[in-house]
Amino acid sequence: RGALFEKSLEALNVACPLAPQEPANWQMRGAAAAWWGEFLRERNENGLARFDQAILDLTESLRRFPQGLTAIAERAFAQLGRGLQLEGTAPEEALKSVVSALADIDAALARTSRVPEYWRRKGIAHALRGRILERTFRKDPVPEWEAAVRAYGSAIAIDRSHAELWLRRGQARQYHLR
């Protein structure tokens, strides 16, 4: 799959300079970089450079078209991936990425609250922030776990058939009880 991401980015690397005024070019290139970063992260490889490139491209897309809901949601995904990548090695930077992800997720949810994926990402972000606060800063993670439970509950209210949402809500409740 990594080769497919590379081929996709090769084409988008041509499109962006040819038509830099088109926000869709930046959004597509940013999304491809974010998903490549996530692919690497899930394989325990370093996807940080891909997440960083994604954030830059998606920010450029939003500079050109501030109403771009997909670009906002994809930038949140990239910020969240960056936070997950940095959690164990640079928790302060990870926390900054999570805060940025939550800001983007909240902006997307303000436009439409009927997308379960946005709520799922919000739950993941709160859970990650809770872990970082507890492990690194010895702060009370309970408010973050409660927020994660609420976010997953909102996603479940939209799509009750999504097993991962139930699993994540159960995990958040379990952490909350510790």
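Summary table
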| quantity | calculated |
| --- | --- |
| Label-point gap, in nm, between Ala163 and Lys7 - each point 7 angstrom along Cα→Cβ | 3.1 |
| Under 22 Å from the Cα of Lys139 - lysines, other chains or at least 8 residues apart | Lys96, Lys122 |
| Portion, in percent, of the accessible area of segment 1-104 that falls on carbon or sulfur, probe 1.4 Å | 57 |
| Expected-Rg normalisation [2.2 N^0.38 Å, Cα atoms] applied to segment 37-151 | 1.03 |
| Heavy-atom accessible area per residue - the chain, 1.4 Å, Å² | 52 |
| Alpha carbon centroid spacing (whole Å) that separates segment 85-104 from segment 1-56 | 20 |
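The values are calculated or read from the model by the stated rules, or taken from the named source; none is laboratory data. Being a predicted model, the structure only gives us computed values, none of them experimental. Here Cβ is always computed from backbone atoms with ideal geometry, including for glycine, and neighbour counts include all displayed protein chains. When the accessible area is computed, the model is the full protein with side chains, heavy atoms only, and any ligands, DNA or RNA have been set aside. Shrake-Rupley method; radii C 1.70, N 1.55, O 1.52, S 1.80 Å.
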